[in-house]
Structure formats: C-alpha cells, structure tokens
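The values are calculated or read from the model by the stated rules, or taken from the named source; none is laboratory data. Note that the coordinates shown come from a computational prediction; the quantities given were computed from them, not determined experimentally. Cβ sites come from the backbone with ideal geometry, for glycine too, and all protein chains shown count toward neighbours. The protein model used for the area step is the full one, side chains on, heavy atoms only, and it has no ligands, DNA or RNA in it. Shrake-Rupley method; radii C 1.70, N 1.55, O 1.52, S 1.80 Å.
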Amino acid sequence: MRGRHLDAYSAYKRVASKDHINAFDREESSGLVNAKGIGNPSWRRSLPHMLVATLSSFLFGYHLGVVNETLDSISMDLGFSGNPLAKGLVVSTCLGAAFFGSIFSGWILDGVGHRRAFQLCALPMIIGASMSATTKSLWGMLLGRIFVGTGMGIGPPVAAIYVSEISPAFVRGTFGSFTQIATCLGLMGSLFIGLPAKDIVGWWRVCFWVSTVPAAVLAVCMEFCAESPQWLFKRGRGTEAEAEFEKLLGAAHVKFAIAELSKSDRGDELEAVKFSELFYGRHFKMVFIGSTIFALQQLSGINAVFYFSSTVFKSFGVPSDLANICVGIANLSGSVVAMILMDKLGRKVLLLGSFSGMAVAMGLQVIGASSYASGSGALSLSVGGMLLFVLMFSLGAGPVPSLLLSEILPGRIRAKAMSVCMAVHWVINFFVGLLFLPLLEQIGPIVLYTIFATFCLLAVIFVKRNVVETKGKSLQEIEIALIPPQ
C-alpha cells in the first residue's frame, strides 16, 4: 500500500526539476478522483468540517479589529487615556504574541494533530478575552491580549493546512477562500459590535465577552470533526486515515485517496523534521517561495491601509465609522469574488491580477497626494484608490498565499514550513505598522506609496517566474511534481 516510488513519481524523476514543473503547469486539471473514472466526491461531506475550522479565522479577524472602536473607551476606564505608548501596547502585544504562536504552530500541529491544535488555538482566546473583559488595569489587559495573540498565531496556519487537506481537489480553492471571508466577517463583526462603545460605559467589556462564544463553539465542535487523513497517514495510522477519508469523501473514493497518499510517500514520513531542513536542500525552494510571497504581501502596504485608513479618510472629512464600513465592504466583496473564481481561473492568475491592480491603486493614491490633484479630485483619487487597493488585495493577494502554501509545501514539512512562512508575515506586518506613520511624516505620501507600488510590481514578477498553478490537483500530485528526488 505504501510503495515508495510509483509510476507517476518515476516519470517525474526522469526529467530535471524545472522541466517537470513546466510539464506540471501544462497538465490538464483533474479532480482528486477523476483518474478512477468515478467522478468527484461530494463537497457536502467536507463542508461542515471546513465551516467549523473557519471559526478560527473569524476569531482572528474579530480580535484584529476589536480594539479599533473600543480603544478610547478602554483607555479611559483603565486610566491610560493620555498615554499613547500604552495604547500602542494594547495593539502590538497581540501581534507580538501572534508571532510566537505562529512559530510553534507547526510543532503543535505535527505533535497533536489538527483537531487538538484548533482546540489549543481556542483555549487561550477564551482565557485572554475573559481576562480582558474583567480586568481593572492596563497590565491585566496586556496579559489578556498576549493570550489572545497566541491563539491568533496558532489559528491561521492550522486552518489553511486543515482546509486544504480535507477538501476535494476540485473545490479546494473555493473552500480555502472561506478562511479569508471568515476573517473579513470577523473584522466587520468587531467593528459593528464596537460602535456603541462611545456611548455606553463599559460596552468594550461586552465586545470581549462576545468573542468567547465562537471560540467555545470551535473547541466543542472540533470534537466531532474529522482529523486530517494526511496527518494520520503520516503518523502510520492508515486504518484511521481510511475511516476519515470515508467520512470526508465517501466510501467509493477511499482506496484511490489512500493510493494517492502512497504516491508521495518517500519512506521518511515518520522521521522528525529538523528545523534546519527547511533552509537547505530540496525543501528550501518551496519555503523560500512561501516566505517571499508573504513578505511581498505585507510590503505591498495592505496592513498600513487597514490600520490607518481612518486617518486618511478623516483628513478628507469622512467619518471613521463610514471609512471602516467602506473598507470592510470592499474587503468582503473581493473575497467573495475570489471564492467564486479560485477554482475557475486558478491561484496564479488571481495573484498576478491582484498585485497588478494593487500597483495601479497605489498609483492613483500617488496622483491624489500630488500637486496635480486638488479638492474633490484629490478626494476621489485618494479614497477611491484606497478602496480599490483593498478590493484588489482581497481578490488574490489576501486569500491565495496561505492556500497556495498549504498546497505546494510537501506533507512531511508542511506544518513547520507554514509556521516559518507565517512568522515572516507577522514580523513584516509588525514593522510596516510600526514605521508607516513615521515614514509618512519623513518622506511623504508620494514616495511612500510609490515604494508600496514598487513592491506590488516586484510581486507580479516573482509570481510570474516562481509560482505554478495548482487548481484541480491533489496535494499528492503537486508534491510529486514540485519536489525533486533525493
């Protein structure tokens, strides 16, 4: 059952790595089980498991936005309203903790499996949100945010990998896009729930309490969800993997699914992955591609837009509430369109179109900030450019990277490699947020937005040269094609 080198792998062995990647790009897309002539499995079987997993993405988005509308009320109630450093710490401690959570997420996932990893993601979010909701001091708030941030760091890589591994190949892109939609819904939910905070004393505590409900639902429902068959197979638990495949795909597809897993078995699945393996040898290129895509995603300036859009809108007399709603609608709309197109156009096309559109949108903001535009023209270009930027981001650069990485990273190193790539995301996210306002003051919006646009164009070039299309392929087909033999 677990033969080391089946025919498909042998065929790829006979050509150079670059040649078989090109051949892989030219192959006709096929579903996970089409080779057996029995049609695709029903997506309805895996849908409930995917929806439960996306609760972690909803929580991720919710906690990113929960302090946006409530920070002033929190600072007044806890006695640090005149301390900008303390306000910054309420936000940044969460991001710092998320970095450490993402670093350890791969080892957690490999050690205890996806279901337990989700529960370990939910637990600190429940504890941290409860601490923040009941605290009487700044230090209690910061400690609560550290707990929440840890859960936020664990969640995204675990969700991306789990959804990719339980989804039939022909809808994997669509299902993977649900994580981005859930994040958008979480962000918008936190903004709407936080609106009364300016008028109702102590409402911010309710905002934190609310987040414990989906976290508890995630922890409980994961007890009834399927474990990843790939993780079970990798641990040598083939019988359990077959049972989970039957739950996710149906009995008719189990044998072929197990055979697909066997194709990519290279005899080293049970060996512990050393951290150094991610940075040299045959796995390095995939880790490099993943880390670079996440780095370029953040260097495009997207989180500077998310964090400081209210400031830009206010400079033109647009209320912050309206600004946040507009940005949220643009983000959600693009994510829904991406979900529809992901398995039709493919990941690479969406990435290329997304980064190209983001470069154009940044160009509009450069013109809006220049002397060539004034009055209503500057307003239209700056605000319109910002909304277009968010829309184009959500069409590809937002949902695709985590999905693509969960597909191209080989099963043996997938969890740990994803945690490294996500750590890169968090580091650059932190520094972009930290340096955006000082750079805006020092070099001005024209130069800064031009730099962001340049990174978007560099992303287009990088994706064009290094990313292969993965739509419709099983994870095993992708791994066989992309990883050269030892």
Check your understanding: Where Rh is the Kirkwood radius over the Cα pairs of the stretch 43-226, the temperature 25 °C and the viscosity 0.890 mPa s, what D in µm²/s does Stokes-Einstein return?
Key -> 149
Practice item. Along Cα→Cβ, 7 Å out, is where each label goes; now give me the distance between the ones at residue 340 and residue 437 in nm to one decimal. Key: 3.9
Study note, to complete from the structure: Rounded to whole angstrom, the alpha-carbon centroid of the stretch 399-472 lies from that of the stretch 209-261 at a distance of 30
Review point. Any idea how far apart residue 255 and residue 136 come out in nm if each label point goes 7 Å out from Cα toward Cβ?
Key: 6.9
Check your understanding: What accessible surface, in Å², does a 1.4 Å probe find on residue 246, ignoring ligands, DNA and RNA and rounding to the nearest 10?
Key -> 90
Exercise for review: Please work out how much length the chain gains when fully extended from residue 465 to residue 198, using 0.36 nm per residue of separation minus the C-alpha to C-alpha distance, in nm with one decimal.
Suggested key: 91.2 nm
Point to revise | Net lengthening on full extension, residue 220/residue 91 (0.36 nm per residue, minus Cα-Cα) | key: 43.6 nm
Check your understanding: Over 27 Å between Cα atoms, which of 344/464; 247/348; 263/471; 255/348; 136/416 qualify?
Key -> 247/348; 255/348; 136/416
Point to revise | Length-normalised contact order for the chain - Cα pairs under 8 Å, 6+ apart - percent | key: 25
Revision key, fill the gap. Percent relative contact order for the stretch 43-226, counting Cα pairs under 8 Å at least six residues apart, stands at 41
Review point. What are the residues whose amide H is under 5 Å from the amide H of residue 470, where those residues sit 5 or more places off or on another chain and H is modelled from the backbone?
Key: 347, 348
Exercise for review: Just tell me, in residue order, which DSSP H segments of the chain are both 20 angstrom or longer along the helix axis (alpha-carbon based) and at least 1.6 in mean Kyte-Doolittle hydropathy.
Suggested key: 376-392
Practice item. Take the Cβ-Cβ distance between residue 450 and residue 280 as r, set R0 to 41 Å, and report the resulting FRET efficiency rounded to the nearest 0.05. Key: 0.70
Check your understanding: How much accessible surface does residue 339 have with a 1.4 Å probe, in Å² rounded to 10?
Key -> 40
Point to revise | Most to least accessible of 402, 300 (protein chains only, probe 1.4 Å) | key: 402, 300
Review point. What accessible area, in Å² to the nearest ten, does a 1.4 Å probe give for residue 209?
Key: 110
